[in-house]
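Visitor: Following this message is one structure expressed as structure tokens.
The values are calculated or read from the model by the stated rules, or taken from the named source; none is laboratory data. Computed from a predicted model, the values in this text were never measured in an experiment. Here the Cβ positions follow ideal geometry from the backbone for every residue, glycine too, while neighbour counts run over all protein chains shown. With ligands, DNA and RNA removed, areas are computed over all heavy atoms of the protein, side chains included. Shrake-Rupley method; radii C 1.70, N 1.55, O 1.52, S 1.80 Å.
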Amino acid sequence: MASKTKGSKKAGGSKKAGGSKKVIDKKKTKKPTGSTKKGDGLGTKDARSKNAKAFSSFLPSGGFGLGLGSLSKGKVKKSVLDYEEYHKYQNGKSVNQAKAKSKYSDMVNKYYDLATSFYEYAWGDCFHFAHRLKGETLRESIKRHEHFLASKFTSGLKVKKGSRPKVLDVGCGIGGPAREISAFCGVDVVGLNNNAYQVERAKTITAAKRAAAKEAVDAASPSVLGDCDFVKGDFMKMPFEDNTFDAAYAIEATCHAPVAEEIYKEMLRVVKPGGLVAIYEWCLTDKYDPKDESHKLFKHQIEIGNGLPDIRTTKECKAAMTKAGFDMVEDIDLAECSPVPWYEPLYPTQGYFSSLEALSSLKSSPVGAKVTHGLCWILESFRLAPKGTCRVSSVLQQGAIGLIAGGKLDAFTPMYLLVGRKPRK
């Protein structure tokens, strides 16, 4: 799942230093709802409307008028029906799995066209789970999770004086992790994504965040703000020359690939000899029982709710890395050592009212999903949302239910860490 944090508030936070008068002025500026000025890190309201950024713009007004993702209003229903056909489930079996694999590009593109606006509403600009410590907020854990992964592929990076390491983000979503890792680690990140709408969102959000950061930090240099670029392309046939990048990483993205070994081979190809590749994979664990009907059901729910052709096991992914040609450096399921269950954002284990942080998970929880679904039904009924919007909501609800079920059984993990090195010769 794809990827899952809120927009940067650097610009807003910096204004507090200007004294009480500015704080009062800032409060006053919250009243107008039609402002087109930047500063919230999510781009202008005009840009959000243009890109059909559904919920951030339709609450309190507007939003679904242009459709979902890059889909026009009239194409949403057909697209979601076509997408559901890829994941047809009968008698405890996904009957069209071969089709989902052979046409993975169309299947995944349809999914993200339909789901991205919902993701941004619930997760911000980072669509992924995280290893989480007790007392740690979701946003803090997401950042630390990204920094931890970065530590695995940036160690020992050497470049010519005056230049910065060039790193590839495979399946970059709307660029949240790329922006964070670039700024935190001092590397140039190229994000690869085959969905045109997400690439456009990544570029728009990045431009807005850079403008906000420059406003907050006078004449801030690229080394402080980070440097990201985003490219549209199929990660099974990457549009890059051999040995282009110093390192590469993927966060909950290679699970969309039809064949693990092939996507790993592509990552190996574009990384320079000796370069490291680090991946967070979505996998079934040893506790998954392929004969158990409830296990097969949650697997199907995760696949249809997250645009996956077929979830692989941890053993299959590790074997695929080796077959692809990597020297294995490390592999570990971080879910096993996470003090707070990784599925906490979907299902607060101590209850929604146990803390403010738990309450903040309401939007991404099944309860929040039902509220969102009801709102979609109202909007669709009044023709304020495209036909098919409720079906999209239902698909995403299935995914959340499956993730919670798989997580509770310890039979599924979204954070199986794989680290491999490309042989120097």
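Visitor: Just to be sure I understand the filter: pairs with C-beta atoms under 8 Å, separated by 6 or more residues or on different chains, first member in segment 327-344 and farther than 21 Å from R312 by Cα and exposed (fewer than 13 other Cβ atoms within 10 Å of the Cβ), second member at pLDDT 95 or above and of a type in the set (A, V, I, L, M, F, W, C). Which pairs pass?
Guide: If the second residue must be at pLDDT 95 or above and of a type in the set (A, V, I, L, M, F, W, C), the pairs left are P339/L133.
Visitor: Answer with yes or no whether A219 is modelled with pLDDT under 95 and assigned to a loop (DSSP other than H, G, I, E, B).
Guide: Here the answer is yes, as A219 does meet what is asked.
Visitor: Now for a different question. Hey, can you tell me all the residues within segment 110-168 that are more than 15 Å from G186 (Cα to Cα) and polar (S, T, N, Q)?
Guide: Of everything in segment 110-168, those that are more than 15 Å from G186 (Cα to Cα) and polar (S, T, N, Q) turn out to be T116, S117, T137, S141.
Visitor: Please identify the pairs in which a residue from segment 136-159 that is under 14 Å from V277 (Cβ atoms) has its Cβ atom under 6 Å from the Cβ atom of a residue that is part of a helix (DSSP H, G or I), counting only partners at least 6 apart or on another chain.
Guide: Close Cβ pairs (under 6 Å, with a partner that is part of a helix (DSSP H, G or I)) amount to A150/I181; A150/C185; T154/C185.
Visitor: Can you tell me which residue is modelled with the lowest pLDDT among those in segment 130-141 that are in contact with a helix residue (DSSP H, G or I) (Cβ under 8 Å, 6 or more places away or on another chain) and either open to solvent by less than 20 Å² (accessible area, probe 1.4 Å) or not in a helix (DSSP H, G or I) (or both)?
Guide: T137
Residues are listed down the side, and each one gets a yes or a no for (1) buried (at least 22 other Cβ atoms within 10 Å of the Cβ); (2) in a helix (DSSP H, G or I):
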residue	(1), (2)
K99	no, yes
Y112	yes, yes
S117	yes, yes
D125	yes, no
H128	yes, no
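Visitor: Looking only at segment 229-248, decide whether some residue is more than 19 Å from V329 (Cα to Cα), among the acidic types (D, E) and open to solvent by less than 30 Å² (accessible area, probe 1.4 Å).
Guide: The answer is yes; a qualifying residue exists.
Visitor: Something else about it: Of all residues in segment 163-175, how many are in a loop (DSSP other than H, G, I, E, B) and closer than 16 Å to A253 by Cα?
Guide: Here the count works out to 5.
Visitor: Related question: I want to confirm something. Restricting to segment 369-408 and keeping residues that are of a type in the set (A, V, I, L, M, F, W, C) and surrounded by fewer than 18 Cβ atoms within 10 Å (Cβ to Cβ), which single residue is nearest to E336 (Cα to Cα)?
Guide: So the residue we want is V371.
Visitor: Then there's this: Exactly one condition in (1) open to solvent by 70 Å² or more (accessible area, probe 1.4 Å); (2) assigned to a helix (DSSP H, G or I); (3) modelled with pLDDT under 55 is false for G65; which is it?
Guide: (1)
Visitor: While we're here: Pull up segment 147-162, narrow it to residues that are touching a strand residue (DSSP E or B) at 6+ places or on another chain (Cβ under 7 Å) and surrounded by 15 or more Cβ atoms within 10 Å (Cβ to Cβ), then point me to the one that is farthest from Y249 (Cα to Cα).
Guide: Among those that are touching a strand residue (DSSP E or B) at 6+ places or on another chain (Cβ under 7 Å) and surrounded by 15 or more Cβ atoms within 10 Å (Cβ to Cβ), it is L157.
Visitor: Within segment 249-280, restricting attention to residues that are in contact with a Pro (Cβ under 9 Å, 6 or more places away or on another chain) and closer than 13 Å to L417 by Cα, which residue is surrounded by the most Cβ atoms within 10 Å (Cβ to Cβ)?
Guide: Result: I251.
Visitor: Pick from segment 181-198 the residues that are in a helix (DSSP H, G or I) and open to solvent by 40 Å² or more (accessible area, probe 1.4 Å): which of them is modelled with the highest pLDDT?
Guide: A196
Here's the yes/no breakdown for (1) under 12 Å from the mean Cα position of the chain (by Cα); (2) among the acidic types (D, E):
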site: Y112; (1), (2): yes, no
site: E136; (1), (2): no, yes
site: L157; (1), (2): no, no
site: P165; (1), (2): no, no
site: R201; (1), (2): no, no
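Visitor: Kindly establish whether C283 is open to solvent by less than 10 Å² (accessible area, probe 1.4 Å), in a helix (DSSP H, G or I) and modelled with pLDDT of 95 or more.
Guide: No.
Visitor: Filter segment 286-309 down to the residues that are over 13 Å from F412 (Cα atoms) and acidic (D, E), then identify the one that is least open to solvent (accessible area, probe 1.4 Å).
Guide: Restricting to residues being over 13 Å from F412 (Cα atoms) and acidic (D, E), the top hit is D292.
Visitor: How about segment 324-349: which of its residues are out of contact with any strand residue (DSSP E or B) (no Cβ under 6 Å at 6 or more places or on another chain), assigned to a loop (DSSP other than H, G, I, E, B) and either at pLDDT below 70 or over 25 Å from A411 (Cβ atoms) (or both)?
Guide: Result: G325, single match.
Visitor: Evaluate the following for A178: is it touching a Gly at 6+ places or on another chain (Cβ under 9 Å), aliphatic (A, V, I, L, M) and at pLDDT below 95?
Guide: Here the answer is no, as A178 does not meet what is asked.
Visitor: Output the residues belonging to segment 77-97 that are open to solvent by less than 60 Å² (accessible area, probe 1.4 Å) and either at pLDDT 95 or above or closer than 24 Å to M236 by Cβ (or both).
Guide: Correct list: S79, V80, D82, Y83, E84, Y86, H87, S94, N96, Q97.
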